[in-house]
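Step one of this worksheet: look at the structure below.
The values are calculated or read from the model by the stated rules, or taken from the named source; none is laboratory data. Computed from a prediction, not measured in an experiment: that's the story for all the values here. When we count neighbours, we look across all protein chains shown, and the Cβ atoms used for this are built from the backbone with ideal geometry, even at glycine.
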Amino acid sequence: MNAPLRRQKFLRALVLAGALAFPAPLPAASRAAQEQLAERLFSHVDPVPHLRLEISEDDLDVLRGSRSAKNSRNSAARPEVSVTVREGTNVFRQVALHLKGAAGSFQPVDSKPALTLHFDETVKGQRFHGLEKISLNNSWQDPTYMCEHLGRTAFTAAGLPVPRVTHATVSLNGRRLGLYVLVEGWNKQFLRRHFRDPEGALFEPPFRVDLPGPMDLKSGDAADGARALAALNAALDEESPSARWTALGHTLDRDRFMTGLAVEVLLNHWDGYARNQNNFRLFHDRSSNRILFLPHGLDQLFGLRRPETEMPLLPEFRGRAAQVVMETRAGQRQIFERAGWLLTNVSRAEPLTAEVRRLEGRIRPALADTPAARAQFDAQVPLLLRRITDRHARLLEELSTADGAQLFLRTNTARLGGWNFRRGNRSPDVPTATRETLSIPGGATARGRWETTLLLEPGHYRFAAQAEITGLPTRMAGHTAVLALRGTAGRDARQVFIADGQTNLTHTFTLGAARVVTLSCEFYSRAGLASYDHSSLQLARTDE
């Protein structure tokens with residue numbers, strides 16, 4: 001037998017062996033049929049599925065070299081391996097897998113890793129319940145396993161495209177990892193559901209990178225996407241606020257962007273784009289030639305894990321695009337309008353708490369094999385219910401005073417209302433507010449503050465208050481009590497006490513552009529009680 005013939009027979013044998021080991025997938029179902037399968041998965045009508053992952057020891061060693069993407073780009077930090085996934089009698093072979101997560105959620109493979117799985121990367125046409133790609137989020141920062149679902153439900157109801165979520169339990173080589181949040185993948189299959197042209201550029205920013213920084217292209221037309229990003233950055237650089245607002249109307253899906261800002265605020269999504277320049281994707285919608293901001297990473301809502309991060313109705317935005325729109329009168333007006341509509345139509349407390357109760361009945365049985373996670377779940381669900389209800393009530397109160405904030409822009413002096421108490425570490429938790437006073441009790445290394453937030457025009461301002469400290473012991477063992485007025489601009493006003501007394505405090509500041517300003521009345525002391533005279537809390541515009 002000549003050499004070419006031997007090579008030909010050898011190649012046929014390899015093909016045959018591969019076909020026997022990995023049967024060719026059935027022809028892909030129609031997109032409509034695939035979508036029906038996916039819809040059922042995300043409808044929560046079936047029991048929580050269990051996924052059994054099988055990874056070779058060599059590939060486990062590869063994954064052990066994976067690291068968090070905090071300060072690095074995902075692609076450089078996340079090696080990919082091929083695994084087998086079993087769900088009941090279904091077997092999915094040669095599934096591409098890599099570890100996922102950033103600073104807060106990344107866990108090594110020998111712990112409870114967050115995972116991304118591509119089912120059709122090698123075996124074309126292979127689908128998991130109609131899906132080409134899924135993520136398994138370890139919910140490391142959300143012991144209720146509910147925030148992703150609640151957040152995505154709210155964004156969807158508000159008209160913003162977001163991947164869908166459900167739950168799954170997972171084991172790895174026989175080791176039970178516990179409950180996961182199963183998330184639809186960011187890919188063209190997802191884009192096709194929401195946009196007429198899924199070939200637009202989809203960008204994923206590196207960790208905590210904002211515009212105009214580099215964006216990683218995940219799919220779509222790179223050239224068109226680069227031009228769209230350049231146009232958006234040019235619009236953000238326009239000299240005057242009104243020119244920026246007009247230019248953004250041609251480069252940014254401004255309507256949905258403003259809605260997204262409002263939803264982030266209502267959900268207290270402090271780790272999103274608006275407040276933390278994090279957890280977002282950018283998509284160039286070629287049919288409108290505009291950029292969309294799409295939300296991501298919704299596992300820390302309602303201040304469940306970090307109550308000190310709770311946002312007021314008008315927070316200080318850090319995302320560049322959010323800052324720019326809030327410098328315009330049109331943007332300021334729209335954030336009020338969107339927040340008011342969403343608060344009464346989309347983000348109401350009763351439907352959200354009812355959904356928590358529904359999910360509670362589905363999730364609790366899935367935690368039966370992980371007692372520690374079950375205990376955390378049982379402790380945190382009541383807290384989540386309370387924080388949803390409290391946040392809705394607080395925002396309704398703030399919204400009712402929002403007109404006052406706007407009216408202040410046309411007057412020279414205003415009495416300040418809309419105060420909300422904020423706790424520091426080990427701070428007092430029994431403050432009181434009456435028509436006469438705002439009080440803050442002292443305690444061991446305690447620090448507490450009352451805050452209010454306003455939209456202010458450019459100019460010079462004076463924030464004034466009259467306060468009194470009572471109940472200080474004769475000897476403070478070298479420690480002092482401090483009253484302070486603070487703002488997000490200007491130098492703080494402070495007064496130190498070693499005995500009971502009264503004081504008048506004045507905090508002055510200057511704004512070069514219209515912005516959201518947070519003002520606070522503070523007290524920190526190991527003992528005593530601070531009382532701020534409510535009628536004295538005033539803000540005056542002092543421009544000559």
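Here are some notes:
- Selection status of ARG320, basic (Lys, Arg) and in contact with a Lys or Arg (Cβ under 8 Å, 6 or more places away or on another chain): no
- Search result, residues across the range 80-132 that are among the polar types (S, T, N, Q) and assigned to a strand (DSSP E or B): SER82, THR84, ASN90, GLN94, THR116
- Residue match in the range 201-214 (condition: within 30 Å of SER43 (Cβ to Cβ) and touching a residue at least 60 places away in the same chain (Cβ under 8 Å)): yes
- Test: ARG192 is out of contact with any Gly (no Cβ under 9 Å at 6 or more places or on another chain) and either surrounded by fewer than 17 Cβ atoms within 10 Å (Cβ to Cβ) or more than 19 Å from HIS44 (Cβ to Cβ) (or both): yes
Every residue, every condition in (1) more than 23 Å from ALA103 (Cα to Cα); (2) at pLDDT 95 or above; (3) within 14 Å of the chain's Cα centre (by Cα), yes or no:
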{"position": "GLN141", "(1), (2), (3)": "no, no, yes"}
{"position": "MET146", "(1), (2), (3)": "no, yes, yes"}
{"position": "VAL165", "(1), (2), (3)": "no, yes, no"}
{"position": "GLY174", "(1), (2), (3)": "yes, yes, no"}
{"position": "LEU182", "(1), (2), (3)": "no, yes, no"}
{"position": "LEU191", "(1), (2), (3)": "yes, yes, no"}
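- Selection count where residues are charged (D, E, K, R), part of a loop (DSSP other than H, G, I, E, B) and at pLDDT below 95, scope the range 239-265: 1
- Single residue of the range 260-293 satisfying the filter (among the aliphatic types (A, V, I, L, M) and within 18 Å of ALA222 (Cβ to Cβ)) that is surrounded by the most Cβ atoms within 10 Å (Cβ to Cβ): ILE291
- Among the residues of the range 446-460, those identified as over 12 Å from GLY487 (Cβ atoms) and out of contact with any Cys (no Cβ under 8 Å at 6 or more places or on another chain) are ALA446, ARG447, GLY448, LEU455, GLU457, PRO458, GLY459, HIS460.
- Among all positions in the range 345-362, there is no residue which is assigned to a strand (DSSP E or B) and under 22 Å from the mean Cα position of the chain (by Cα).
- Scanning the range 238-280 for residues that are touching a strand residue (DSSP E or B) at 6+ places or on another chain (Cβ under 8 Å) and free of Cβ contacts under 8 Å to residues at least 24 places away in the same chain gives a single hit, ASN279.
- Among the numbered conditions (1) on the phi > 0 side of the Ramachandran plot; (2) touching a strand residue (DSSP E or B) at 6+ places or on another chain (Cβ under 9 Å); (3) modelled with pLDDT under 95; (4) not aliphatic (A, V, I, L, M), the only one that PRO206 does not meet is (1).
- Boolean, LEU519 is touching a residue at least 60 places away in the same chain (Cβ under 8 Å), more than 31 Å from the chain's Cα centre (by Cα), in a strand (DSSP E or B) and closer than 30 Å to ARG329 by Cβ: no
- Filter result for PHE283 (closer than 11 Å to ALA322 by Cβ, modelled with pLDDT of 95 or more and touching a strand residue (DSSP E or B) at 6+ places or on another chain (Cβ under 6 Å)): no
- Residue pairs whose Cβ atoms lie under 8 Å apart, sitting 6 or more positions apart in sequence or on different chains, and linking a residue in the range 215-235 that is farther than 11 Å from PHE203 by Cα to a partner that is in a loop (DSSP other than H, G, I, E, B), are ASP224/GLY200; ASP224/ALA201; ASP224/ARG286; ALA228/ALA201; ALA228/ASN289; LEU232/LEU211; ASN233/LEU211; ASN233/PRO212.
- Residue check for ALA513: loosely packed, with under 14 Cβ neighbours inside 10 Å, under 31 Å from the mean Cα position of the chain (by Cα) and either small (Gly, Ala, Ser) or more than 16 Å from GLY443 (Cα to Cα) (or both): yes
Condition check ((1) without any contact (Cβ under 8 Å) to a residue 40 or more places away in the chain; (2) surrounded by fewer than 23 Cβ atoms within 10 Å (Cβ to Cβ); (3) on the phi < 0 side of the Ramachandran plot) across all residues:
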| position | (1), (2), (3) |
| --- | --- |
| ASP120 | yes, yes, yes |
| HIS129 | no, yes, no |
| GLU148 | no, no, yes |
| THR153 | no, yes, yes |
| GLY159 | no, yes, no |
| ARG164 | no, yes, yes |
| GLY178 | no, yes, no |
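- Total residues in the range 389-410, condition at pLDDT 65 or above and of a type outside the set (A, V, I, L, M, F, W, C): 8
- Restricting ALA38, ALA32, ALA28 to residues that are in a helix (DSSP H, G or I) and at pLDDT below 90 narrows the list to ALA32.
- Residue in the range 518-525 that is modelled with pLDDT of 90 or more, farther than 27 Å from ASN412 by Cα and surrounded by 15 or more Cβ atoms within 10 Å (Cβ to Cβ) present: yes
- Lone qualifier among SER171, SER111, SER135 - being of a type in the set (S, T, N, Q), surrounded by fewer than 23 Cβ atoms within 10 Å (Cβ to Cβ) and under 24 Å from ARG306 (Cα atoms): SER111
- With respect to the conditions (1) in a strand (DSSP E or B); (2) in contact with a Cys (Cβ under 9 Å, 6 or more places away or on another chain), GLN141 lacks only one, and its number is (1).
- Of everything listed in (1) surrounded by 21 or more Cβ atoms within 10 Å (Cβ to Cβ); (2) under 29 Å from the mean Cα position of the chain (by Cα); (3) over 25 Å from ALA274 (Cβ atoms), the single unmet condition for LEU485 is (2).
- Among the conditions (1) modelled with pLDDT under 80; (2) part of a strand (DSSP E or B), TYR461 misses just one, which is (1).
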